[in-house]
Every structure is written in C-alpha cells, then in structure tokens.
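> After the structure tokens below, expect a handful of questions from me.
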Amino acid sequence: MRSHFAGWCVALAAWSFPAAADLSVFATVPEWGALAQELGGDKVKVYTATNALQDPHHVEARPSLIARARGADLVVATGAELEIGWLPLVLQQAGNPKVQPGRPGYFEAASVVALLGKPARLDRAEGDVHPQGDPHIQTDARNIAKVAVPLAARLTELDSANAAFYQARLKAFMDRWSAAVVRWEQQAAPLKGVPVVVQHKAFTYLVEWLGLKEIAALEPKPGLEPTTAHLAAVLETLQKTPAKMVLRAAYQSDRASQWIAERAKMKAVELPFTVGGTDGAKDLFGLYDDTIQRLLKGAS
Amino acid sequence: MFRLFMLPCACALALSLALPARAADPELDEIRAQIRELKSSYENRIQALEQRLKDAEAKAAAPAPMPAAPSSSISAFNPAVSVVLQGRYANLSRDPAKFALAGFAPGGEIGPGRRGFSLGESELAMFANVDDKFAGNLIASLTPENTVSVEEAYGLWLTAPYGLAPKFGRFFSGLGYLNEQHQHNWDFIDAPLAYQAFLGGQYANDGLQVKWVAPIDQYVELGAEAGNGDGFPGNARSRNGAGAATVFAHTGGDIGASHNWRAGLSYLRTRAQDRDYSLADRAGNDAAVAFTGSSRVAVADFIWKWAPNGNAHDTSFKLQGEYFRRVEDGDLTYDRDGTLGLTRTASFTSRQSGWYAQGVYQFMPLWRAGVRYDRLDSGSVDYGANAAFVAATDFSPKRYTVMLDYTPSEFSRFRLQFAQSRTLADVTDNQWFVQYILSLGAHGAHKY
C-alpha cells in the first residue's frame, strides 16, 4: 500500500513538473520503436505498444495504451490498416489532439512505401485482407531506410530545437544501414530462388527482397486458422513442387508449420519478424542479421 | 531474340531436309522422334525465355507504384458502415411473460426474451469524421418487431482542450464496465441480473459526457455525464434541467506482458416520477403501484485479462465482476389506478444490491468457454404505511450460466449457453440458447 502511495506521488510529481523536453514517442510495433530510438537517441522517450510475440492485428485498446497515447507527442504507426482494430479507439479515447491522424504528431510508415500484395478482390470472403496492401513492410530492410528519412523529418518538425541532432543521427544511421543492406544482400545471395512456404502471408516484402519463391501459405485465407483440408492441399502441392522451408513469425503458433515440415521433409523456420522476436533480434540490425542467418540455415 | 528463335527452326529445317522421310526405316523413325523432342524442348525453352522477357518488360514499363489517388466520386466521403446480424434459438422451461425479479421493481428490457427462434437486434452503425474538429457515430438498432431504435447517436469533439474528450447526443453511459459495450460484444447472450434489476438492461443517456485521461503513465480516467434521465431507474419527466447525473473513475494497466486489468467506480443519480409497475400485494391481488423519488446507483467494476505474452491467439482468460448498490427514496402510491379502491401514498425507501462474476477461458484457438454467477440481494425495502398492503421479500434471485462459443473468424461467432435461473421463490427456469453474431462491413474496434 505504501509503495503504491509513493508510486502515485512520483507519478503526480512527474506530471506537475515535466522534466526535460524529450519527445514522447508512442510506437505501435517494435520496429518503429527501435527506429525512432535510433533516430532520436536520448532526445526521445519511446514507448512500444506491442511486443514481438503479439499479433499486431489482434491487440485491444487496453488502459495502458490509452494512458501512453495521452502523453505522446508522436504516434508512429504502420498504417495500411494493420492497427485498424485498436489504434483509432486508443486515439479517440486518449483525448490528445496532437496525435490524431492528419496532425504532425501522427506518422504512418506504410504511407511512404509502395505497398505490395494489394488484394485483387476486396471481400471478406478472401479473409482478413488489407485493402491498401500488405502492411508488413518491415520484412524488407530497404523499407526501413525509406521510413527513416521522413520519420527523422517528422522528429525535426516536432522538435526543431534539435534539428541538427536528428539530421546527424539520420545520416549516421543511413550510412550504417546502407552498408548493412549490402552485406545482407551478399549474405542472402544463396537464397535467391529458394522455394518457401509461409504460414501467414506476412513475408511478401522479404520474399520480394531476397528473391525467395513463395509456393504456398498455410492459412487458407489471410487471418484464418490453417484447416486440415487446406494443409493437406498444401502438402499435395509440395509433393509436386517441394519447398526448402516453412516460415512463420515469432508470434505465431508453431503447430501448423511443424506439422507440414515433418510431412513435407522441410525445415520449419521461425523468423523474428520484428525487433525482439528472437534472442538475436535485439535491435534493427540484429533483426536482419538473425533473419538471414535463420533463412540460410533453413535453406542449407 | 529473333536469332535465338531462328536457330532451332533452322536446325530442324536443315535436319528434316537432310533426312527426307522416304523410307520407313526404324532408324529414321528414331531420328524423327529425336528431332521432334529437340523441337519441342527448344520451343519450351523459347517460350520460357519469351515469358521472362515479357515479365521484365512489363516490370520496366509499369510506372513506379504511387500512393493511390483518392477517388473523386462523392461516395468517397461515405462514413464507415458496419452491420451486426444476430439471431437465436431459446428453449425456456418457464414462460418468459411471467419473468420477474423477486423484490425488484421491473423496468427497461428485462427477462430472457422470447421462446423459440427469433431474430436479435440487427445493428447498423455509421462512423466518420465530421470536419477537422468533430466525429459522429450513429448506431441504430433494427428490432425483430420491425421497429427502429437509436441506440447511440453522438458527436465527439476531437480537438477539445486540456485533454478533455467530450461526447454529446445519445450514448451508453460510462457507468460500470459492461454498460458501454454493445450487447453483441458481451460474453453471454443476456445482461447480468444486476444490470437488469438496477438499470433495466443497459443505461443510455441523452446529454453530454466529458471524459478526461490523466497525462501520466498510469491510466486514470475520470468522467461525468449529464442527461435527460429518461432511462430506468429514472423516467421521462417534464423538466428543463438535467434528469440524471453520472460520475465515474477508472484506472488500470499492465502487469508484465501477460496481464492487464481495469477497475472502476461509478455513481448515478436520477429521479423517477410515477414510475409504475404492478406487484402482488398481501391479499394476492395484482396491485398497480407508482414510485416517485430519487434513485442512486453505485457500481464497482473490475476486469482482469491474461494471455501468454499478451498473445491471445491460442489461450486467454478474463475474469470480470461488478457490484451494484441502489438506494431509492421517495413515495410509493399503492393501488394508483384505484381498481382495489385502496389508493394510498406513503413513504418508500429501498436499499438493494447485486453482483455478478464471470470468467471466460479460451482453451484453444477459436473456442472459448465461460461461467457466470449472478446474485441479487433484495436488501431492505421499507414500504412505510403501505406495509399494511405490501410485504417485502427476503428472497435473493440468483442464476448460474455456462457458455461455449466458437469464433471461426474475427467477424463471426456462434454460441451455446445454458442458464439455471432462480429469480422467483420456488421457480427454476432452465434456459438454453443458441446464438449467432455476424459482423459485416467496416472493421470493428477491439474494445477493452
């Protein structure tokens, strides 16, 4: 009880006497939290709403998210309807006009990337489809660079006093990042044309980037549970067109991919999908280092 | 390309010329077969090459994908529209027309609903930003009796100062936990008995609501409402001022990645004018009575949710409970229509309470099972001088409910529910329900 009281006092004090004018960033998913941290350094305070073991489609507008959105200066979301189920509700309840869509305090990463996988038929019979295209853009490392530039510009706009700081951080990050992308592409050269199966259609950008060949998806329709009938059909396809591995994101259950991997004599590969998804994916660089290592291991 | 294509043709031609098909020599046949094979193999390869070239050309010719330009048609400003379809089958061992909660004045929509097949409320919702400051939401309910009712119709002021979130129009009150949620989002087909007894099912206000979230990391939400107070336990009165006032406070948060919770306290104050109902008096007659006075309801609510790492795909659990207490003070008119010739008005006071607790466990993807326990306490009811005609009961209504539901996708759900309801002394109603809920259109919100 006493510690609770102390906690309240601290909270109240923190509220009445705001400390340094750090930008408070609310990131919906870990990759944008990590990117904001890379670009903002100690000038930003980043809160990440979800972790790598959660399905970003299925999050609830829970109390802690509303409280954090209330104090945020900048909301960094993926957009393209990835957070459609919860972010609008969080923003509506938070009572923070600064971070409403359309304001400088609201940034959507998918708005600066050309989206792939736009559904040919917009119908829920096709599953939980995203009308604007596949929102999982972070599986292609080049997209991180595409997002970094406008995100740094947004930080500069909101905190112009530190403009030089953000620009310097952006330049340093982009130098390191382009070198890393070259390295990843070299490392991933043997993956070109490697046939893979995906559990959820979440790796469109990765497949495109590294030149993998997506043979099938375990989910009959995006967002629907793999059914035995569909898995059997995938297995039949695999007997004709074998694949090297089945890919799934760290937040997904391994049951379906283990089942098919055993029967189709391929490897089940768990990819971090975002920062924190595996032990190796500690930061943005680790995310792709680990992703490519795991893919190479799966293809060998 | 041209050369590549010409080469095998020329070879084939040269070969066929060099080896005219004159003799039916088996050797010649073999050669011919080989040529055919060669030809078809080259043709396949050329086709593959041509296809690759076409693909490359298409790729180069395709303009760099641009963000889609917004459609210029007037329909581009249409609001987000969604529809919820519901239906059910009920098997009730007691006639629902005789439903009553012993010791509690009835009001609003109470009881288990009709027997057999019936359509539930079909809900039509529209939401959009009005302009740069406001958003509007309309939720209409099309009832199975072919009437339309406005469940909610409110404006939201999105850019209000000081972190205030004002809402105005008709809305479900922020009272308690379940009240703000629409019935199709509930974990059971019907409202807890406490909601039925104290709020007539669900409490809506026509008026103004202001919510405020404290700008600290701990979630603290305070809210106040002023409304016309038409809803039970109040009723429509001709007055200029607010007929009902509500205040509430919520707090909550995360405990690690796997647990989160919310707790709240709410208080509603309203008045009733000649709120009439009928009850059985000491002589066994159905007497018409009317209450005039103040009604105050206090609610404490709590919910705790668990999912491993916050990922509710495979398993999850939620536990929720609410406690209600209502105090009514005023006058009760006995035999108000004079049928019994005994019309008399006397003071009336009641202090009653009720609660429910429920747990819902998702034991595998798509499947959930839940249990709920409801209990009401008739408390102390003082009829004053009318005690000569009317007796208070000390029976405590209760209900046990279990349910199983299956959610094939985020947009559909099927539920089986069984309840054993004892809301009157010596009466047990066994209630079986089968329900479906289908959501169409705009993606629904994952409300906590």
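> Return the residue satisfying two criteria in turn: it lies in the range A:60-87 and is of a type in the set (Val, Ile, Thr) and closer than 22 Å to A:ILE144 by Cβ, and of such residues it is farthest from the chain's Cα centre (by Cα). Full working, then the answer.
Taking the range A:60-87 first, the residues of a type in the set (Val, Ile, Thr) are A:66, A:75-76, A:78, A:84.
Still in the list and also closer than 22 Å to A:ILE144 by Cβ: A:75-76, A:78.
On the way: A:VAL75: 14, A:VAL76: 11, A:THR78: 7 Å.
Taking the candidates together, the pick is A:VAL75.
> Also, I was wondering about something else. Looking at the range B:239-267, which of its residues are in contact with a helix residue (DSSP H, G or I) (Cβ under 8 Å, 6 or more places away or on another chain) and either of a type in the set (Lys, Arg) or away from chain A (no Cβ under 14 Å) (or both)?
If the condition is that a residue be in contact with a helix residue (DSSP H, G or I) (Cβ under 8 Å, 6 or more places away or on another chain) and either of a type in the set (Lys, Arg) or away from chain A (no Cβ under 14 Å) (or both), then B:ARG262 is the only one that fits.
> Same structure, new question: Tell me which residues, restricted to the range A:249-266, are within 12 Å of chain B (Cβ to nearest Cβ) and in contact with a Leu (Cβ under 7 Å, 6 or more places away or on another chain).
Looking only at the range A:249-266, we keep the residues that are within 12 Å of chain B (Cβ to nearest Cβ), and these are A:249-256.
Scanning the range A:249-266 gives A:ALA249, A:ALA250, A:TYR251, A:ALA256.
> Of all residues being surrounded by fewer than 24 Cβ atoms within 10 Å (Cβ to Cβ) and under 19 Å from B:ASP230 (Cα atoms) in the range B:203-219, which is nearest to the chain's Cα centre (by Cα)? Just the residue, please.
Among them, the one singled out is B:ALA204.
> Name the residues in the range A:183-215 that are small (Gly, Ala, Ser) and at pLDDT below 95, would you? Walk me through how you get there before you give the answer.
Our first condition is that a residue be small (Gly, Ala, Ser); within the range A:183-215, this holds for A:188-189, A:193, A:202, A:211.
Listed by number, the list holds a single entry, A:ALA202.
> Let me ask something additional. Looking only at the range A:207-231, count every residue that is farther than 20 Å from A:GLN293 by Cβ, of a type in the set (Val, Ile, Thr) and away from chain B (no Cβ under 14 Å) and tell me the total.
1
> Any idea how many residues of the range A:79-98 are more than 30 Å from B:TYR162 (Cβ to Cβ) and either aliphatic (A, V, I, L, M) or modelled with pLDDT of 95 or more (or both)?
2
> Restricted to the range A:62-98, and to residues that are β-branched (Val, Ile, Thr) and touching a helix residue (DSSP H, G or I) at 6+ places or on another chain (Cβ under 6 Å), which residue is nearest to B:PHE127 (Cα to Cα)? Before the answer, list the steps.
First, the residues of the range A:62-98 that are β-branched (Val, Ile, Thr): A:66, A:75-76, A:78, A:84, A:90.
With touching a helix residue (DSSP H, G or I) at 6+ places or on another chain (Cβ under 6 Å) added as a condition, the list becomes A:66, A:75-76, A:78, A:90.
On the way: A:ILE66: 20, A:VAL75: 22, A:VAL76: 24, A:THR78: 22, A:VAL90: 16 Å.
It comes out as A:VAL90.
> For the range A:46-83, how many residues meet the condition of being closer than 21 Å to A:LEU158 by Cα, buried (at least 23 other Cβ atoms within 10 Å of the Cβ) and acidic (Asp, Glu)?
Number of matching residues: 0.
> Please specify each residue of the range B:121-173 satisfying the condition of being free of Cβ contacts under 8 Å to residues at least 40 places away in the same chain, within 11 Å of another protein chain (Cβ to nearest Cβ) and hydroxyl-bearing (Ser, Thr, Tyr).
Correct list: B:THR159 only.
> May I ask you to list pairs of residues, at least six apart or on different chains, whose Cβ atoms are under 8 Å apart, with the first in the range A:237-257 being touching a residue at least 12 places away in the same chain (Cβ under 8 Å) and the second being in a helix (DSSP H, G or I) and β-branched (Val, Ile, Thr)?
A:LEU238/A:ILE260; A:VAL246/A:ILE260
> Can you name every residue in the range A:99-109 that is surrounded by fewer than 24 Cβ atoms within 10 Å (Cβ to Cβ) and either at pLDDT below 95 or within 18 Å of the chain's Cα centre (by Cα) (or both)?
Scanning the range A:99-109 gives A:GLN100, A:PRO101, A:GLY102, A:ARG103, A:TYR106, A:GLU108.
> Follow-up question, since we're still on this one. Can you tell me which condition B:GLN358 does not meet? The list is (1) surrounded by fewer than 16 Cβ atoms within 10 Å (Cβ to Cβ); (2) under 25 Å from B:SER93 (Cα atoms), and all the others hold.
Looking at each condition in turn, B:GLN358 falls short on (1).
> Looking only at the range B:150-166, filter to residues that are small (Gly, Ala, Ser) and at pLDDT 95 or above; which one of those is nearest to A:PRO97 (Cα to Cα)? Spell out the reasoning first.
As a first pass, look at the range B:150-166 and keep what is small (Gly, Ala, Ser): B:153, B:155, B:160, B:163, B:165.
Now narrow it down to the ones that are at pLDDT 95 or above: B:153, B:155.
Values: B:ALA153: 22, B:GLY155: 16 Å.
Residue satisfying both the conditions and the ranking: B:GLY155.
> Might you check whether a residue that is within 14 Å of chain A (Cβ to nearest Cβ) and either in contact (Cβ under 8 Å) with a residue 24 or more places away in the chain or farther than 30 Å from A:PRO56 by Cβ (or both) occurs anywhere in the range B:418-435?
Of the residues in the range B:418-435, the ones within 14 Å of chain A (Cβ to nearest Cβ) are none.
Checked against the condition, which is being within 14 Å of chain A (Cβ to nearest Cβ) and either in contact (Cβ under 8 Å) with a residue 24 or more places away in the chain or farther than 30 Å from A:PRO56 by Cβ (or both), the range B:418-435 yields no hits at all.
> Then there's this: Inspect all residues belonging to the range B:292-313 and state whether any of them is touching a helix residue (DSSP H, G or I) at 6+ places or on another chain (Cβ under 9 Å), more than 26 Å from B:TRP355 (Cα to Cα) and aliphatic (A, V, I, L, M).
no
> Quick one: is B:ALA272 within 17 Å of B:GLY108 (Cβ to Cβ), more than 14 Å from every other protein chain (Cβ to nearest Cβ) and exposed (fewer than 15 other Cβ atoms within 10 Å of the Cβ)?
On the way: within 17 Å of B:GLY108 (Cβ to Cβ): yes; more than 14 Å from every other protein chain (Cβ to nearest Cβ): yes; exposed (fewer than 15 other Cβ atoms within 10 Å of the Cβ): no.
So B:ALA272 does not fit the description; no.
> Can you report the number of residues in the range A:34-50 which are among the basic types (Lys, Arg) and on the phi > 0 side of the Ramachandran plot?
So the first thing to find is which residues in the range A:34-50 are among the basic types (Lys, Arg), and the list is A:43, A:45.
Next, from what is left, pick out any that are on the phi > 0 side of the Ramachandran plot: none.
The qualifying residues number 0.
> Inside the range B:269-326, can you point out the residues that are of a type outside the set (Gly, Ala, Ser) and at positive phi?
Matches in the range B:269-326: B:ASP274, B:ASN309.
> Considering only the range B:299-314, state which residues are within 11 Å of chain A (Cβ to nearest Cβ) and not hydrophobic (A, V, I, L, M, F, W, C).
Going residue by residue through the range B:299-314, those that are within 11 Å of chain A (Cβ to nearest Cβ) are B:303, B:305, B:307-314.
Passing the criteria: B:LYS305, B:PRO308, B:ASN309, B:GLY310, B:ASN311, B:HIS313, B:ASP314.
> Here is a follow-up. Residues that are buried (at least 18 other Cβ atoms within 10 Å of the Cβ) and among the aromatic types (Phe, Trp, Tyr): which helices (runs of 4 or more DSSP H) entirely in the range A:206-300 hold 2 or more of them?
Values: elements: A:228-240, A:255-264, A:284-299.
Once the helices (runs of 4 or more DSSP H) in the range A:206-300 are filtered for at least 2 residues that are buried (at least 18 other Cβ atoms within 10 Å of the Cβ) and among the aromatic types (Phe, Trp, Tyr), what remains is A:284-299.
The values are calculated or read from the model by the stated rules, or taken from the named source; none is laboratory data. Predicted, not measured: the structure shown is a model, and the values here were computed from it. Counting neighbours? That spans all protein chains shown, and the Cβs are built from the backbone with ideal geometry, glycine included.
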